[in-house]
Amino acid sequence: MKILLYGLNYAPELTGIGKYSGEMCEWLAEKGHDVRVICAPPYYPEWKVGKAYKSWQYQTEQRNKVTVFRCPLYVPNKPKTVSRLIHLFSFGLSSLPVLFRQWSWQPDVVICIEPTFFCVPATLLFSKLRDSKSLLHIQDFELDAMLGLGLGKSGLIAQFAGAVERWFMRRFDAISTISYSMLRKAQDKISLPEKVFYFPNWVDTDFLTPDADPDLFRKRWGIPESTRVVLYSGNMGKKQGLEIVLQAAGRLRQEPSLLFLMIGAGAALGELVHQAEQLQLDNLRFYPLQTYEELPALMALADIHLVVQKKGAADAVLPSKLTTILAVGGECVITAEAHTELGLLCREYPGIARCIEPENADALTAILMEMLLHLPLKSSGVYNKVAHRFAQDNLDKDRILSRLVSQLEG
């Protein structure tokens, strides 16, 4: 097949949507499909365009048998509601001529990645005129996430935006989502359940395993073997509510041989670093994202992993960092409400992770103290077998992407 992927984020971004879009397209190209990508220059999660790219320049490159067209966009230094909307709209506008330049190539399938929804109208117009199959793959319900975080105050505006969203969604040939709760949400929005299918994010269970060696990072960062590590790794944005990690670190500062590590970047990083300095947290350190090749060693470093989100955000967004934690059999604390995808996951698979109320520093502190008291040292080789088995059975990359091909060819 000729497959065109149209989305904001792409490799070499190390986290989030760009990581999965890059892996998907390269896998499809390896299987013999002709794959092209229209995307922005890499900027996430640092909110800063990579050194080899320009935010204002069109660029074309070949990445592992995939032709990649980079389109200009505005990248705010400190993304807020308005600047983020301008950011998304700028890509939708600049990418429009590149999309229609694919007319003579005649793609069989156009896959539009949400976010950003600003690309949806052009995708549908191109697909209908070109007679290409259209697929909307929802990594994040933008509107629902904004409303859940209190960014949409007007009921009339919310109703209008929801009506527009539903109208466009119904016109795709197929829609896919990354979680069962998002699947049900999409079905409810369009009232056409036969169009919607489950297409979760995956993990390389051969690369990410429970038996990686943590010594690489213990030596690099001077962490004694007897020190227990609580790790948050990934995007540091507003929807995470990572302030409770700092609060828990403050309450546990007297615990001997306990270190909090926060690895990554994002819109809230500067504010979090400032808060940590104000609180004088000598048991908490910040580091930038590490390379993908070293990810198994980084995961092996943690006695406890954290997946932290605010109330209202967890049901719309399934954090990609969790798949990595499950693959390595990590012990994990998730902040999520009971009715959300993450809450239901913990209920349906007892022992896979500990689920606590979001935005509750007391609950986080208490569960960390309990786990540190009862969990064996990571150096003992013990890992969470429920989590590891779930990843092997449900998150295998080849199985998931092979099912996608079957859907596209159907």
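Read the figures in this text as sums done on the coordinates, not as results from a lab. What you see is a predicted model, and the numbers here were worked out from it, not measured in a lab. Backbone-built Cβ (ideal geometry, glycine too); neighbour counts: all protein chains shown.
The table below lists the values:
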{"item": "Semi-axis lengths (Å, descending) of the ellipsoid that matches the C-alpha gyration tensor of segment 21-169", "result": "27, 20, 14"}
{"item": "Cα-based helix-to-principal-axis angle, 269-279 vs the chain, degrees rounded to 10", "result": "20 degrees"}
{"item": "Where only C-alpha atoms are counted, convex hull volume of segment 215-393 per residue in Å³", "result": "112 Å³"}
{"item": "Size of charge dipole - segment 190-279 - debye, nearest 20, with Cβ of Lys, Arg +1 and Asp, Glu -1, no other charges", "result": "320 debye"}
{"item": "Listed residues His388, His274, His87, most fluctuating in the chain (Gaussian network, C-alpha, under 10 Å)", "result": "His274"}
{"item": "Any cysteine of the chain lacking a neighbouring Cys Cβ under 4.7 Å - listed by number", "result": "Cys25, Cys39, Cys71, Cys112, Cys119, Cys332"}
{"item": "Order of Cys39, Cys332 - criterion: other Cβ atoms within 10 Å of each residue's Cβ, fewest first", "result": "Cys332, Cys39"}
{"item": "Compactness of the chain as Cα Rg over 2.2 N^0.38 Å, two decimals", "result": "0.98"}
{"item": "Rounded to the nearest 20 debye, dipole of segment 249-345 from Cβ charges on Lys, Arg, Asp, Glu", "result": "180 debye"}
{"item": "Acute angle (nearest 10 degrees) that the helix 397-409 long axis makes with the longest principal axis of the chain, alpha-carbon atoms", "result": "20 degrees"}
{"item": "C-alpha long axis of helix 81-94 to longest principal axis of the chain, angle in °", "result": "40 degrees"}
{"item": "Contour minus Cα-Cα distance for Arg170 and Arg285 (0.36 nm per residue)", "result": "36.7 nm"}
{"item": "Cut-off 14 Å between beta-carbons: net charge of the residues surrounding Lys80, Lys and Arg +1, Asp and Glu -1", "result": "+3"}
{"item": "Dipole of the chain [Lys/Arg +1, Asp/Glu -1 at C-beta], most positive-end residue of Ala267, Met236, His87", "result": "His87"}
{"item": "Taking Phe118, Phe197 and counting other C-beta atoms within 10 Å, the order from fewest to most", "result": "Phe197, Phe118"}
{"item": "Listed residue (His305, Ile367, Trp202) projecting farthest to the positive dipole end of the chain, Cβ model", "result": "Trp202"}
{"item": "Once exposed loop trypsin sites (Lys or Arg not before Pro) are cut out (DSSP; at most 13 other Cβ, 10 Å), longest piece of the chain", "result": "171-410"}
{"item": "The chain, dipole about Cα centre (Lys/Arg Cβ +1, Asp/Glu Cβ -1), debye to the nearest 20", "result": "1160 debye"}
{"item": "Residue order, fewest to most beta carbons within 10 Å, for Thr209, Thr335, Thr227, Thr177", "result": "Thr227, Thr209, Thr177, Thr335"}
